[in-house]
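None of the figures in this text is laboratory data; all of them are computed from the coordinates on show. If you're wondering where the values come from, they're calculated on a predicted model, not measured in any experiment. Because the Cβ atoms are built from the backbone with ideal geometry, glycine has one as well, and the counts that use them run over all protein chains shown.
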Amino acid sequence: MTIQFNDESFRGDYTFRNSDWAIQRFPFPFHEDSYMYSVNMEQHRGGPKGSVYEQRFDVDEHYVSEMKDRALVLDQDPLRCQSLPHMTLAGWDLLELIMVSKSEDYPDLFELNRDGNRWRWVNKPLRIDHTFTFLDETTLPYGPMEYITRQAQGDFAILDQRDDMLWMDAGMVTTQADWSLDFDIGMNFFEWHAPVPKAHEMGIFVRALKFLLNIQQGAPARRLNWTMTVNPLLDTSPENYHKWGIQKTELTPENIGRKQHLRVELQTFFRLPRSNALVFPIRCYLCAFEDLMTVPKWGRRLHRVIRDLPDELATYKGFIDNRPLMLDYLSKFDDGLPTSLGIWPDRETEPPLQK
Amino acid sequence: MSKFDFPPSIRSRPIWSSLEARKGTAHLMIADAEGAEAILDIATPELMANSHIIHIPKGKSYSEHLSALNPAQLYEGPSYEAALPRIRRVLTDGHMGLQVYLAGTEGLMGQAMQEMMSAGIPHSAIQTEHHGSTARRMQCVHCKGITEDIETDPYQCSHCGLHLFVRDHYSRRLAAYQGVRVDAEDHGNIPEPKGIYE
Amino acid sequence: MSGAEKIQVKVTEVTPLNALVTRFRFEAVDGSLLPTFSGGAHTVVEMQDGGITRLNPYSLMSDPYDQSAYTISVRRDDAGRGGSLFMHNQVKTGDEMVISYPVNLFSLDLRARKHLFIAGGIGITPFLAQIHQLEHFNGHWELHYSCRSEALGSYADELSHSHPNKTHIYYDDQDQRIGLQHLLEGQPLGTHVYVCGPKGMIDWVKSTAEAESWPADNIHYEEFLAPQPGKPFQVKLAISNKTIEVGEHESLLEAMEREGVDAPYLCRGGACGQCETRVIDYQGNFIHRDHWLDDNEHASGEKIMPCVSRFEGKTLVLDH
């Protein structure tokens, strides 16, 4: 396969666009017409050809531009990438996992040649050709986690496992749904999820933790999560909220289709062999409402989900004020017809919009 | 007398409990202002024989009461910062089994806990008891500056000048609560500050 | 599918070390590299012993970064249910076997300023891998290893030779004992203690460390319980609608597997919690042997860990 990489921006003039290919494979997160929290974990062992589930680390048309955006964020704020001292080994684990996976899954884009600890890594899209010594930090320009996650889409949290608990002790976080690595680093699983409403009372995090603690080498897992973002802004960080928060008030009936984006996180979980830590890649996919509406099933369903979502969740996800505007827009794409189960677009079988 | 009943909150917010005397051959007690009362409450001659007390009076001296306990070592310092080199010196020679007791304001306990954790003592093994002011140590999530002794919500960051609302989300690593711009979605619309627990 | 991922291996060396312990070396059947692992991990070895499939966990003792082979050491237990005897008597060089991916329930706390290892007998094996791991990074560690006699001190000579300043060996038959209280008292802040050995030794280290006011987070132990034989009993499985007999020499988990029930598991030693099963109804007494459930859960009659625990009485109905 050959991917045509976009030259686009996620700030300022916001030239980010999804091609038809990217819209078709967008990980729409609602498998039915309503939404409530659930642990919703499944094995991460491939998926339909061409889907975002197919490979261990999905690479798409936004790769090169997303990596440029990450570099910009890190130039402005190096604290977005941090690793507590005991997490260096886990960083090497992650470097190995990503290099091996990408070179096997995308041999036309990435190459890895290993001669003992002498490794040569070729990243064609980013024009990197680097020989280094595995497990020797002095041979890399950054720490191992930072080095490899400057070349991998999505955020990465590395969780140390101790005393039947997970501790967020390292991460690269520049495309986050409004949480701060600098603030949360060092917290345990319950602490960094503390601000999430309702889910604690529902026992979601207790069950999720139990599942995650038992993820074993060679058996990764995944789930989807979602929120809303005005403009295709990757860096919706608390650090910069004083700058981007105001953009949420710029929606109008005329621009909402273009400006309002559904933001989906493909979260995966891999046990790291050398450190016994767990890596939690959080890959962000953005899709404008008007692009989503080209899939009739998604149009019907998104209206129903947003309409029926409890206020607490709409508040937590930061779009309660914009919900009426969203519903005015989305209702035009809901003709009341039933929808098929599952997240896939089902274009061949679902009827076109009947109004 | 000076104990405050903190309202229930989210999982990241620390829960301060009550000190109790534990067995051990070395005890380090750090307190500010009325925090001294927590030490007075648990003191026994046996415990005091192996205790090093560090007290920062902040205008509320307990010297007579504390020296009457006859601890192995007693230090009164003008500020936490002034006491810090001494605390670090104690930790340098500390052995496993050292018992740590922290009492007083959240800012003092949080910062001392930071120091203990970086010396290798797990936070779960450190005892705490809140006394005195309920003011918070706040980190501005935007400029990263820390402002001490915040009693109102919102407050103004002493570094960057933004007006911030006071969250209950707390970082042990930073020993601070998180402050986030209150008027980010409506610039200039800053609510009248109220007491955090009003 | 239950348990961790599987690897097809062939036995490439069988090395008797002394009267009780034999070492086995495994390489991938297809010649590929084995996964790396973290020190303290175990693998579950599948043994086809007549009509019985035995699944026993053994600590990986080789260098975690050596992907060419794994090694384990098996102590012969003449009074056990037969897994170690099978390994000693039946397994030969060239045999093909199935083992699981590494699973670690006894990993190093990498924040530790110092790692203090206390081993008894065959409990030395996880530390061998951990020492390899720490040596790659100049880690700060110290080993205190107690064995019955020089003749039975597996790897004692190698350890003393390679790490003379960090290894301390104690022989029971020479009346040498670990001066534990003194040892624990003197450790600098940030030390973590790890113990692996017989149950009595684990209890001794845990209780001494607690008495020395060590924080619980700094005390680590690995105790794999081998399932113990017991009186046969009958179990009704509500979901699969089967009534099965658990024999004297098999565990409840093994009996369920024999009947084709795909029950989850990882450690098969009462430690990991994977096989926790809800009790729907019972009349009789549980013989709980795990250290996963707490005392209240044991007393409640609501849960059982079928890998090691048994039952005596009239009826037992499980949610399987």
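Summing Cβ point charges (Lys, Arg +1; Asp, Glu -1) relative to the Cα centre of the protein assembly as shown gives a dipole of roughly 660 debye. Restricting attention to chain C, close to 65% of DSSP beta bridges with both partner residues there are antiparallel. Between the alpha-carbon centres of segment C:255-320 and segment C:132-184 there is a gap of 37 Å. Ordering A:V39, A:L126, A:I23 by the projection of their Cα atoms onto the charge dipole of segment A:1-147, which places +1 on the Cβ of Lys and Arg and -1 on the Cβ of Asp and Glu, puts A:L126 at the extreme positive end.
For segment A:261-322 versus segment B:156-198, the inter-centroid distance based on Cα atoms is 28 Å. Placing +1 on the Cβ of every Lys and Arg and -1 on the Cβ of every Asp and Glu, with nothing else charged, gives segment C:233-318 a dipole about its Cα centre of roughly 160 debye. Taking a ≥ b ≥ c as the square roots of the eigenvalues of the alpha-carbon gyration tensor, chain A is classed prolate because a/c is 1.5 or more and a/b outweighs b/c. Restricting to the protein assembly as shown, what percent of DSSP beta bridges are antiparallel, rounded to 5? That works out to approximately 70 percent antiparallel. Derived scalar couplings between HN and Hα for segment B:115-132 equal 5, 5, 5, 6, 8, x, 8, x, 4, 5, 9, 9, 8, 9, 8, 7, 9, x Hz in order, rounded to whole Hz, by the Karplus curve 6.51 cos²θ - 1.76 cosθ + 1.60 (θ = phi - 60°), x for Gly and Pro.
Rounded to the nearest 20 debye, the dipole magnitude of segment A:78-120 is 240 debye, with +1 charges on Lys and Arg beta carbons, -1 on Asp and Glu beta carbons, and the Cα centre as origin. Span-like helix criteria (full DSSP H runs; alpha carbon extent of at least 15 Å along the helix axis; mean Kyte-Doolittle hydropathy of at least -0.5) are satisfied in chain C by C:125-136, C:199-211. Each residue in A:D163, C:D109 was given a count of other beta-carbon atoms within 10 angstrom of its own, and listing them fewest first yields A:D163, C:D109. Which whole-angstrom value gives the distance between the alpha carbon centres of segment B:43-76 and segment C:36-76? The two parts, judged by their Cα centres, are 56 Å apart. Using Cα atoms only, what is the angle between the long axis of helix B:80-92 and the major principal axis of chain B, expressed in degrees (0 to 90) to the nearest 10? Roughly 50 degrees, rounded to the nearest 10.
To the nearest ten degrees, helix A:63-76 and the longest principal axis of the Cα atoms of chain A are 70 degrees apart.
Rounded to the nearest 10 degrees, the angle from helix A:204-213 to the longest Cα principal axis of chain A is 30 degrees.
With contacts taken as Cα pairs under 8 Å at a separation of at least 6 residues, segment B:136-195 carries a relative contact order of 34 percent. Apply the a/c threshold of 1.5 to the C-alpha gyration tensor of the protein assembly as shown and tell me whether it is rounded, prolate or oblate. It comes out oblate by the Cα gyration axes. Close amide H pairs (under 5 Å, H built 1.01 Å from N) link A:L272 with A:A277, A:L278, A:V279, residues at least 5 positions away or on another chain. Dividing the summed -39500 (n - 2.57) terms of all DSSP H runs of n ≥ 4 by the residue count of chain A sets its mean residue ellipticity at 222 nm at -7500 deg cm²/dmol. For a 4.7 Å threshold on C-beta separation, the list of partnerless cysteines in chain C reads C:C147, C:C196, C:C275, C:C307.
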